[in-house]
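The values are calculated or read from the model by the stated rules, or taken from the named source; none is laboratory data. It should be emphasised that the depicted structure is a prediction, and the values quoted were computed from it without experimental measurement. In this analysis, Cβ positions are derived from the backbone assuming ideal geometry, glycine residues included, and neighbour counts consider all displayed protein chains.
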Amino acid sequence: MPEPAGSVLALDIGGTKIAAALVDPAGTVSGRTSIATPKDCDGKELLGEVVALARRVRSSQDAAPSICGVGCGGPMDAETVSPLNIAAWRRFPLAQLLGDELGIDVVVDNDAKALALAEGWLGAARGSSNYLAMVVSTGVGGGVVLDGRLLGGRLGNAGHIGHVIVEPSGRRCPCGSHGCLEAEASGSAIEAVSHAPAAAATRAIRVRSGMLVGRAVASVANLLDLDLAVVGGSVALGFGEPFFSAAQSELTERARLDFSRGCRVVPVGLGDLAPLVGAAAVAMRHRGASGMPQ
């Protein structure tokens, strides 16, 4: 397949906000804008908000993208999305309906898998063929690159580290289990326990969240022979040094096999642009672009 010419329309759809931008083949982001994710609407109404945002970005720039890449929370399958933190969409055919509205090809993948593409292309995992990428935000997601290939899995959900059990007797998770990383360390979980926005979390909460992320990363590193985890998302990046120091300490303590000892956990290299660059990378990869995990 030929590499995509011109810019890609990129959409990052999460439980707290929806962002859109144009991203050129070099990864440069322009026209970035966002809205808060509407809470009290049905699936089609939410789609309408996404379409309006995408059209606003497209009309504000001197570009006519022929493809749209979308990073969205999961789980999902080949045809539909069912994000745990977006109740309005259950088995929702996002790619088909969004493509019909915009009149261009639309490619959808998990937002954390999109992050893995972005970070392997231009970020902190550039040059690495084996790593884990994570989003710690409203929810927690992950994407795994092994031997230079982004893992998909049976239905496209490989890498869902948010549902690794880190506290066996912990809180009930939106997935129905107990003690998942998402139920303990996500922005939603922190707000539910502290009765305050995650951005206002105490140092103790920031440290605990990082520790639990490090615990989950250690399990994945031991399982898959990894030496790098790159972590983004508003919670991880907002919590900063206390979070990452605690994550590294726990990872060092629990990844003790010869091949996993020394595994590092670091912030994403692309900062808060990573989700949109990742969404664009989903589309570029679909079109056969080089320079990123395949």
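Summary table
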{"quantity": "Spans of helices (runs of 4 or more DSSP H) in segment 124-232 with at least 3 residues within 21 Å of Q248 (Cα to Cα)", "calculated": "181-185, 203-224"}
{"quantity": "The listed residue being of a type outside the set (V, I, T), over 26 Å from S290 (Cβ atoms) and modelled with pLDDT of 95 or more, out of G143, G99, G103", "calculated": "G103"}
{"quantity": "Verdict on G120 being under 17 Å from the mean Cα position of the chain (by Cα) and assigned to a strand (DSSP E or B)", "calculated": "no"}
{"quantity": "Some residue of segment 111-119 being buried (at least 24 other Cβ atoms within 10 Å of the Cβ) and closer than 21 Å to M211 by Cα", "calculated": "yes"}
{"quantity": "Failed criterion for Q294 (all others in (1) under 18 Å from V140 (Cβ atoms); (2) in contact (Cβ under 8 Å) with a residue 60 or more places away in the chain hold)", "calculated": "(1)"}
{"quantity": "In segment 52-85, the residues that are more than 18 Å from the chain's Cα centre (by Cα), assigned to a loop (DSSP other than H, G, I, E, B) and of a type outside the set (D, E, K, R)", "calculated": "Q61, A63, A64, P65, S66"}
{"quantity": "S249 being within 21 Å of the chain's Cα centre (by Cα), modelled with pLDDT of 95 or more and in the same structural domain as S129 (by TED's automatic domain parsing)", "calculated": "no"}
{"quantity": "Residue in segment 218-227 that is under 30 Å from T80 (Cα atoms), more than 20 Å from the chain's Cα centre (by Cα) and either in the same structural domain as P83 (by TED's automatic domain parsing) or surrounded by fewer than 16 Cβ atoms within 10 Å (Cβ to Cβ) (or both) present", "calculated": "yes"}
{"quantity": "Hits in segment 240-264 (condition: surrounded by 21 or more Cβ atoms within 10 Å (Cβ to Cβ), out of contact with any Gly (no Cβ under 6 Å at 6 or more places or on another chain) and touching a residue at least 40 places away in the same chain (Cβ under 8 Å))", "calculated": "S260, C263"}
{"quantity": "All positions within segment 7-51 that are in a strand (DSSP E or B), surrounded by 15 or more Cβ atoms within 10 Å (Cβ to Cβ) and of a type in the set (A, V, I, L, M, F, W, C)", "calculated": "V8, L9, A10, L11, I13, I18, A19, A20, A21, L22, V23, V29"}
{"quantity": "Residues of segment 53-68 satisfying the condition of being surrounded by fewer than 19 Cβ atoms within 10 Å (Cβ to Cβ) and either closer than 16 Å to D12 by Cβ or not assigned by TED's automatic domain parsing to the domain that holds L102 (or both)", "calculated": "L53, R56"}
{"quantity": "Which listed residue is closer than 26 Å to R264 by Cα, more than 13 Å from the chain's Cα centre (by Cα) and assigned by TED's automatic domain parsing to the domain that holds H163, from V145, V140, V135", "calculated": "V145"}
